[in-house]
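Report on the structure given below.
The values are calculated or read from the model by the stated rules, or taken from the named source; none is laboratory data. Just so you know, these numbers come straight off a predicted model, no measurement behind them. For neighbour counting, all protein chains shown are included, and Cβ atoms are generated from backbone atoms with ideal geometry for every residue, glycine included.
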Amino acid sequence: MMTITGITIYKGCHYKKNLKATYYPFEKSSMENFFGDNIDVHVIVGKNGSGKSSLLDIAFRLINNFGALLYRDEPRNAADVLNYVLNIFADLHYEKRDWETGKVSKGTLCCRNRNLWLEYDSRIYWLSDEKIREKEDEELYDKIKGSTAPQYFFDYYTFDKKLQASIAKMFFYTIATNYSMLGFLALDYSEEESLTYKLPYGKEDTEENQHLKQWCYAQNWIGSLFHKNDGYMCPIVLNPYRDGGQLDMNNEVGLTINRLASLLINDGDEGGLLENYRLDELVYRMDKDFYLTFEKGETEELDQGEMFEQIKVLYAMGNTYAYHILSNLGIEITDKTSRTELFACLYLVYKVLHIAGTYPSYNKYKKLGDVNNTFLTLKKKNEEEVVALAKMVKERHSHIEQKAQQTITFLNRIKELRDNNPNIDLDWMEQPFEYEGYRFFMEYEKRYDRIEELTRRLPPPIFKQEILLKKKVKETENGEDKWVKQIPFGRLSSGEKQLVRGTEGRVPVSRIIGVLNNQY
């Protein structure tokens with residue numbers, strides 16, 4: 001159980017706006033467990049412009065800076081690099097209760113511009129390295145270190161993985177949810193000075209070059225906090241995802257269902273994710289109406305069978321959008337490619353072109369973003385751009401590319417299975433099937449350490465997905481529990497769905513509320 005107890009703002013903090021330089025307590029409710037076990041609710045009340053959002057934003061900046069320093073040398077692969085926000089003079093106070101022993105530990109995350117340290121149970125963990133500190137910062141460092149007993153002061157170095165893990169456990173994970181149209185807009189944070197830890201220009205990102213990294217000026221630190229593909233390394237994530245300030249609610253709902261399927265599979269019969277509900281079945285049906293997405297010319301329509309054959313022809317031609325997109329995603333079409341695989345290839349080309357025409361982060365490829373280019377030859381002058389577009393979709397791992405990469409995983413796995421059994425039959429996928437049979441056929445593991453790994457191995461979006469639940473009810477005669485099966489997810493109440501929509505990773509729904517703070 002984790003509780004924020006207050007925030008202290010000091011003079012010199014650039015982001016206090018209407019707030020005063022003082023201590024802001026977050027008092028505990030006098031009603032123990034009124035909202036349920038392990039739920040702690042705080043409410044910030046004030047007039048518009050009084051500083052409610054400013055107070056939370058300062059907390060978010062502090063938590064961001066904690067992650068930026070703690071994991072400064074860790075590769076983030078698909079996720080954006082974290083920036084360290086400058087000009088913060090504030091403390092974040094919290095308490096953490098050990099679930100097993102009941103012991104309560106007090107922690108304070110302290111930030112004085114480039115100096116950041118964590119005070120926890122009388123110990124001090126100094127996170128700011130000598131590269132980020134300036135000469136005038138050394139006086140503060142020496143003062144705090146000199147006033148602390150040597151056995152209670154720890155200099156953090158990123159090569160000390162045991163200390164890194166230990167410090168992470170002393171802190172907490174934050175999910176900040178803001179569905180306001182004007183919330184978390186990158187433009188509002190664009191002038192805030194921040195630092196990013198990177199190699200000098202022209203240096204390769206190799207193990208031998210890591211010592212050359214340095215802190216450089218950067219801007220727009222907030223964009224990195226929308227990316228969840230870092231294995232929950234950064235201790236804060238912002239919801240929902242915003243691409244250039246834009247929200248796609250249809251996509252958010254789709255991602256919720258897709259992620260919920262992964263969570264329910266991982267949850268198994270142990271439960272905990274949905275109170276009184278368990279997963280009964282996941283049923284998949286091929287989306288055979290997908291071909292209606294396309295047009296051929298102005299009047300002539302494509303039928304499904306024609307499209308399957310045409311994608312084979314287009315790939316064989318070599319000078320088409322389809323060929324260059326698929327080949328640069330590592331996908332090959334042969335005489336043995338099944339109808340199901342051809343359907344997936346068609347979807348993959350469509351999805352890449354749709355991404356180019358839809359999302360601001362792909363704006364430089366917008367002119368390629370007509371899904372009907374799927375069936376066209378490619379002009380030589382555009383070939384390099386299409387290749388770069390395909391590689392960008394393959395290498396990035398935000399929510400934008402998730403469906404495309406699900407499909408790539410599907411096609412690559414089928415190829416692996418066919419290499420071992422050339423006569424593999426996929427016709428059964430054209431009929432409704434259940435996830436467990438699919439998992440067994442694809443020879444996938446039942447559970448994974450990371451939800452992202454499981455999600456990538458779910459059937460791709462060429463299949464419509466239906467979640468069927470079973471619900472625990474009380475028998476009227478003897479009072480024993482009874483499970484009612486085959487309840488579609490769509491029949492849950494709006495309140496139950498809203499709780500589900502707040503979930504992230506493997507955090508139980510019972511701990512989700514507004515701005516959620518939860519221990520690792």
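Summary of computed values
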read-out	value
Residue count for the stretch 379-402, restricted to those that are surrounded by 21 or more Cβ atoms within 10 Å (Cβ to Cβ) and modelled with pLDDT of 90 or more	4
Test for ARG413: is it assigned by TED's automatic domain parsing to the domain that holds TYR350, surrounded by 13 or more Cβ atoms within 10 Å (Cβ to Cβ) and of a type outside the set (Asp, Glu)	yes
Residue in the stretch 74-95 that is touching a helix residue (DSSP H, G or I) at 6+ places or on another chain (Cβ under 7 Å), of a type in the set (Ser, Thr, Tyr) and part of a strand (DSSP E or B) present	yes
Test: residue in the stretch 9-32 that is small (Gly, Ala, Ser), closer than 24 Å to MET170 by Cα, in the same structural domain as LEU92 (by TED's automatic domain parsing) and assigned to a strand (DSSP E or B)	no
Exclusive hit being in a helix (DSSP H, G or I), among the hydrophobic types (A, V, I, L, M, F, W, C) and at negative phi, set ILE44, ILE58, ILE39	ILE58
Subset of the stretch 461-481 [modelled with pLDDT of 65 or more and surrounded by fewer than 12 Cβ atoms within 10 Å (Cβ to Cβ)]	VAL473, LYS474, GLU475, GLU477, ASN478, GLY479, GLU480, ASP481
Which numbered condition MET31 fails, given (1) buried (at least 20 other Cβ atoms within 10 Å of the Cβ); (2) without any contact (Cβ under 8 Å) to a residue 40 or more places away in the chain; (3) of a type in the set (A, V, I, L, M, F, W, C)	(1)
Where TYR157 falls short, out of the listed (1) modelled with pLDDT of 90 or more; (2) in a loop (DSSP other than H, G, I, E, B); (3) crowded, with 18+ Cβ neighbours inside 10 Å	(3)
Breaking point among (1) of a type outside the set (A, V, I, L, M); (2) in a loop (DSSP other than H, G, I, E, B); (3) under 30 Å from ASN412 (Cα atoms); (4) modelled with pLDDT of 65 or more, for GLU504	(4)
Number of the condition not met by ILE424 [criteria: (1) closer than 23 Å to LYS351 by Cβ; (2) in a loop (DSSP other than H, G, I, E, B); (3) hydrophobic (A, V, I, L, M, F, W, C)]	(1)
Residue selected from the stretch 9-20 under the condition under 34 Å from the mean Cα position of the chain (by Cα) and more than 15 Å from LEU109 (Cβ to Cβ), by the criterion surrounded by the most Cβ atoms within 10 Å (Cβ to Cβ)	LYS16
Checklist (1) out of contact with any helix residue (DSSP H, G or I) (no Cβ under 7 Å at 6 or more places or on another chain); (2) under 20 Å from ILE236 (Cβ atoms); (3) among the hydroxyl-bearing types (Ser, Thr, Tyr) applied to THR174, failing item	(1)
Every residue from the stretch 111-135 that is over 28 Å from the mean Cα position of the chain (by Cα) and of a type in the set (Lys, Arg)	ARG112, ARG123, LYS131, ARG133, LYS135
Residues of the stretch 330-350 satisfying the condition of being assigned to a helix (DSSP H, G or I) and either among the hydroxyl-bearing types (Ser, Thr, Tyr) or free of Cβ contacts under 8 Å to residues at least 60 places away in the same chain (or both)	THR340, LEU342, LEU346, TYR347, VAL349, TYR350
Residue list for the stretch 92-128, restricted to those being closer than 18 Å to ILE167 by Cα, of a type outside the set (Val, Ile, Thr) and surrounded by fewer than 18 Cβ atoms within 10 Å (Cβ to Cβ)	GLU95, ARG97, ASP98, TRP99, LYS103, SER105, LYS106, ASP121, SER122, ARG123
